[in-house]
Amino acid sequence: MNCELLATCSALGYLEGDTYHKEADCLESVKDLIRYLRHEDDTRDVRQQLGAGQILQNDLLPIITQYRQEKMLFDACVRLMVNLTQPAMLCFGKVPDDPVFRQHFLKVTSHLEAYKESFASETVFGILSETLYNLLQLDWEQRQEEDNLLIERILLLVRNVLHVPANPLEEKKVDDDASIHDRVLWAIHMSGFDDLVKFLASAQSEQQWSMHVLEIISLMFRDQTPDALVSAGHARSAEEKQRDAQELESLRQKEFAERRSRVLQRGTRHSRFGGSFVVQGLKALGDKDVVYHRNIHNFKNYTHDMGKAVRRVPKRNRRAQECRDERRSAFNVRLFLREFCVDFLENCYNRLMYLVKESLIREQTQQHDETYYLWALSFFMAFNRGNGFRADLVSETMSIRAFNFIERNVTNYYEMLLTDRKEATSWSRRMHLALKAYQELLLTVNEMDRSQDETIRQSSNVIKSNIFYLMEYREIFVTLLRKYDETKQPHSYLKDLVETTHLFLRMLEHFSSGRRSLMVQKKRVKRKKPKKKNQQVAPDTSPEALEQIWNIVEEELKATGFQLSASVTEGIVPFDATSDTPLEEQRAEAMVRVQDALLARLGPEALGLLRAAREVWPEGDVFGSSDVETGEELELLKQILHANLPRPPPPEPAAEEDDDGAELEEEELESVQVSETEFSFLDFIKRFANPSILSVFHLFNKILSDSCADAYKELVTFAKYVLKRFFSLTEKNNKAFVELLFWKNVGAVQEMTEGYNKDGEKNKPTWTEEEEEELRALYEDHRDSDVPDIVETLLPLLSKSTRTRRQVVTQLVHMGLVHSAKELKKQKKGTGIVLWTEDQELELQMLFEEYKDSDDVLGNILKKLTAKRSRARVVDKLLSLGLVSERRELYKKRSRTAPRKSSGKALTEEEFLADLSQGLPDDSMDRDDEAELEESEEEEEDEELDDDGEQERETAQNGGRRSQNLSLERRADVSIMVSALHQEGLSGPLLWLQNCLNKTANDRGNDGFSMPVPFAPLTEENEDAMENKSFLRLIRKVGLRPPANEQESFWRIPAKLTVSQLRSAAASLSLREDGLENEEQHLEEDQKEVSQESRAQVLRALLLARNREQHTTEDRARCSSDVDPADNDDSLFESEPQLQVKTSAKRRRRSGILDEEEEEDGDISTEANSIPVMDVDVQQNSDSDGEEEVSAPVKRRRKMVLIDEEDEED
């Protein structure tokens, strides 16, 4: 023991004989021990040392028995004993898995067992009872806070002592012998403490101790059973004697049958000469039959597993262990407990259970305290049934509320059993308690049916009507049986579950058999499809309907004299000043609002909105002039009503970002539909015939092979009946034996008994001969007609109107009338509009003049066109009319910060540098809009099945390649960002970024291949920089990409960045003074590297061009008429992705435009007809230092222009 603890314990006093002599500082020593316990470690070392020193037995108990007059010392000792006797489970939280802590747990438990034995004294409980009695005599006005604390501590002390588990191996007690627990109970009884417990349970003024009282009572009856207490003190009846005799006889018969079977297995010969036998038809490991070397009488138990080592079952797959050990206490203890139960039921049960139930509902108790309530319900109601049933003694728990409370707890326990796997054993025990309580409720209701009192029988019918009507109480047993798991729930739970289910089914059968029809509740979860927001029914806009609407609106306006009330004009607002929508679009929306008001037959509102819009938009007299007359207003409203105004598409519903909001919306869409239906007991019974509930033949095998099968004759009869029917089936279906190897559902059993069907034969539609002849005749009549879809024509003419299109097409192919279903494929719908009329061309010109200054010219034109056409058709028409000279004029104008669409291809050096410097905004916007426009053109042309698709796609391929003249001045914004970061003190991270780019460029130049490189910060300064928004904006600008998914943690240098791009990006990160020199040096190196590569590529291209000159004129004519030249050139240059030379007409025209632009910008001559001219061009650009610097890709494009011009000359 620790020296400080030893000194403190020595200062308490000493025991001399039966007299205890306390020291002067005894009270302070007790308080010190309490303080030590408060600061003990996880191993509970202080508690173990005090238990080993037997402080409670030798010091604390003598102090409270001999110095009970000293109130402060008595209170401190009781407080210390409450701490020392608290359960080991509370000290450690759970049974430790660690072997060291498990040993500490067992030591604490052994000390608790010693404490419990010392409390088995009438003197100790006499002192506690007397103290508690004196405190309870005080009225609540006279009772102090210290008195209430002492009452609670005494109750907790008794609770802790009773909670100590028994150790049968140490006690070595048999039934009817007094164990330590029995001795403690007898001490409680002799001291009168049990009477105080009953008083606390029944007194109205002491209801605050109801939960403590219920815990003490449940621990008192922990090892008892209601049947054992009911039979205590009563002479055995003739029925009990007969039942015991039958049990003894069944055991004797079982023993005799086993002995007889052993005799038969011995055989007539000596065991050494059992013989060897060959089992025909049963193969061994090889191809030969099994040789059996044992006695032939044991052959029926032969398996291939004989002699093998038993395979160890994993811990998670082992059966759950039983946790309840019942024993029969001493006779005098059973008598005392029986009397306690009788008095408790008569005076305390209903009130105590009511108080505990209210505390549980209001959550005024601790966690899992409902288990005491469930135990008390099942125990005392079972005792009441056996001890002369009286319904009034348990009226508090005989209600629908009790059924509902238990059903909710069972459901909750099962859900926690699945989720909390670590505490699955504890949840399984609680679930078993709830099941026992439910079983006892059903048994009590069944007992009420047998009562002689008519009122009790009526109450029973009311309860049964409710539990049989509600779906939750009927379905609970089917669910529990299907969800039984032997690894988590013990065999005793399954036994109680089967018995409870049998009782429920028997009561339900009896209840439903006496009625012609029994209506029960049925619930079905109905899922509603989410309604589309802003979905409105389109009004009828036919000329007749519009004329009728106008007549109504005109009469209403004339009746009011075109005078509007103040209530109408106040709420009219034609535009929203806070909206981001331009005023031009809001003007169009105001016109649509006027039309909507007219269609809704709201004449005054439409007139008021028209006048308000006129004040906002007076220019152009769109809503009429300022001095308009009433007649003109009326005519203007009529024109608006009949006008075909463009309406904006309905806005798409915003995606739910919040998962909780999405789940809540989904729950709202699920509604429980409650209805009533007629109950069928036979259908309900069939639900229990489930493979997961019952393995019938396996169970029958156990029953029939049992030597004591005569004890349950009904099951034997039922098993023989089912087997007889099965063997009669095998005479018709010899595959039934094989079917036993697999689980069956209803459909499989039906096929076994009625015959097997081929796959899909049941659902295959059948055609009679008359229907086939009818279809043949109709097809012959309409096959030569000009109908667009012959199948749609035949469907309404068939006599059987339920035929679908697929069925008709399949039958036509089956009958050989058509070769394949592709011939009858439904044609795709398109606009079908090809030619432009003069009015349509005029309308297009007017719309272009109206929207040519807007941000989205083409989009606005498409919205306003009366005859809807594709984007490609409108663009071609605008070009042919000469309204625009280039497609780029129709691109949507976007803001400077608009995100760029990724094309999935590697960036060229020009594109990379353009992104790096945020170059000309027009170029970036043009590139984005061009890709978007060409994508939409391709999609719409594919849908319309146009013949001009190849030409448009060729335009899409050529549109992305434009020349850009990039210079060092275009990197000014990056330099500004670098300077700002230098001023913020981020020069170190900028140098780190520059070194990473240069190192990656060198590695890629040496290795010859590229792969993404993580940009990982390894210092604290770099980590801080990665959290800076300006620094992140810079690294994104130079081409680094953020983490793509949750598996990536760092930014990465993409693999698509070339060596020259990386060096250019690294050079742009330097300050302005030395940045220009470094960039010039890098550009010169890049140009030298590219010059040789470009020369080789140009030579290869010219060689291919000369080969094409050798083709004949007929071949070129055939290619020009049948095949697009671009396709042929693509195949030729498929191995040269860097060049991508194509020779279509559009390509040559576009190349000429590029050539002209480059001549204007750089004064570069493109008049070259031979190889030496181009070589001189390359050498001049690579060797001269005084000329303007041009990047290598620009040179390659110039060579491509020269090649295209040579093709034109050819």
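The alpha carbons of region 152-234 stretch over 43, 31, 20 Å along the principal axes, in descending order. For region 22-30, putting each phi into the Karplus relation 6.51 cos²θ - 1.76 cosθ + 1.60 with θ = phi - 60° gives couplings of 8, 7, 5, 9, 5, 4, 5, 5, 4 Hz, in residue order, rounded to whole numbers and with x for Gly and Pro. Give me the base-10 log of I(q)/I(0) for region 763-805 at each q in 0.26, 0.28 Å⁻¹, Debye formula, one uniform scatterer per Cα, rounded to two decimals. Relative scattering, expressed as log10 I(q)/I(0), comes to -0.99, -1.10.
Convex hull volume of the Cα atoms in region 285-348, per residue, in Å³? Don't jump to the answer; show the numbers that get you there.
On the way: hull volume 17.2 nm³, N = 64.
Enclosed volume per residue, from the Cα hull, is 269 Å³.
Backbone geometry of region 205-219 corresponds, through the Karplus equation with coefficients 6.51, -1.76 and 1.60 at θ = phi - 60°, to 3J(HN,Hα) couplings of 7, 10, 6, 5, 9, 4, 5, 5, 5, 5, 4, 5, 5, 5, 6 Hz, x marking Gly and Pro.
Starting from the residue with the highest accessible area, list E773, E554, E886 in decreasing order, probe 1.4 Å.
On the way: E773 110, E554 45, E886 70 Å².
Result, largest first: E773, E886, E554.
Note on region 93-172 and region 854-892: Cα centroid distance 92 Å, given to the nearest whole angstrom. Taking amide hydrogens as placed 1.01 Å from N in the peptide plane, the amide H of G13 sits under 5 Å from those of E23, each at least 5 positions away in sequence or on another chain. With θ taken as phi - 60° and the Karplus curve 6.51 cos²θ - 1.76 cosθ + 1.60 applied, the whole-hertz 3J(HN,Hα) list for region 551-563 is 4, 5, 5, 5, 5, 5, 5, 5, 5, 8, x, 6, 9 Hz, x standing for glycine and proline.
Please list R222, R474, R429 from largest to smallest accessible area, probe radius 1.4 Å, with all protein chains kept in place.
On the way: R222 60, R474 15, R429 125 Å².
Ranking R222, R474, R429 by accessible area, largest first, yields R429, R222, R474.
Of the chymotrypsin sites (Phe, Trp or Tyr not before Pro) found in region 116-158, the ones in coil according to DSSP and having at most 14 other Cβ atoms within 10 Å of their Cβ are W140.
In this structure, the amide hydrogen of R1041, modeled 1.01 Å from its nitrogen in the peptide plane, lies closer than 5 angstrom to those of R1052, counting only residues at least 5 positions away or on a different chain.
If DNA, RNA and ligands are ignored and the probe is 1.4 Å, what is the ranking of I216, I361 by accessible area, most exposed first? Write down the numbers at each step before the final one.
Details: I216 0, I361 90 Å².
Largest accessible area first, the list is I361, I216.
Solvent-accessible surface of region 415-483, averaged per residue with a 1.4 angstrom probe and all protein chains in place: 48 square angstrom. Taking every protein chain into account, the accessible area of region 30-183 amounts to 49 square angstrom per residue (probe 1.4 Å).
Pairs from the list K495/K724; K357/K422; K825/K868; K94/K172; K31/K71 with a Cα-Cα gap above 18 Å: K495/K724; K357/K422; K825/K868; K94/K172. Distances between every pair of Cα atoms in region 845-891, grouped in 5 Å steps from 0 to the bin holding the largest one, split as 4, 22, 39, 29, 6 percent. Measuring nothing but protein heavy atoms, the accessible surface of region 280-418 at 1.4 Å probe radius is 46 percent carbon and sulfur. Measuring only protein heavy atoms, the 1.4 Å probe finds Y756 accessible over about 100 Å². Proximity of backbone amide H atoms, modeled 1.01 Å from N, is registered between Y292 and F277, V278, V279 at under 5 Å, excluding neighbours fewer than 5 places apart on the same chain.
The values are calculated or read from the model by the stated rules, or taken from the named source; none is laboratory data. The model shown is predicted, which means the values in this text are computed figures rather than measured ones. With ideal geometry, Cβ positions are generated from the backbone for all residues, glycine too; neighbour counts draw on all protein chains shown. We work out accessible area using only protein heavy atoms, side chains counted, and drop any ligands, DNA or RNA first. Shrake-Rupley method; radii C 1.70, N 1.55, O 1.52, S 1.80 Å.
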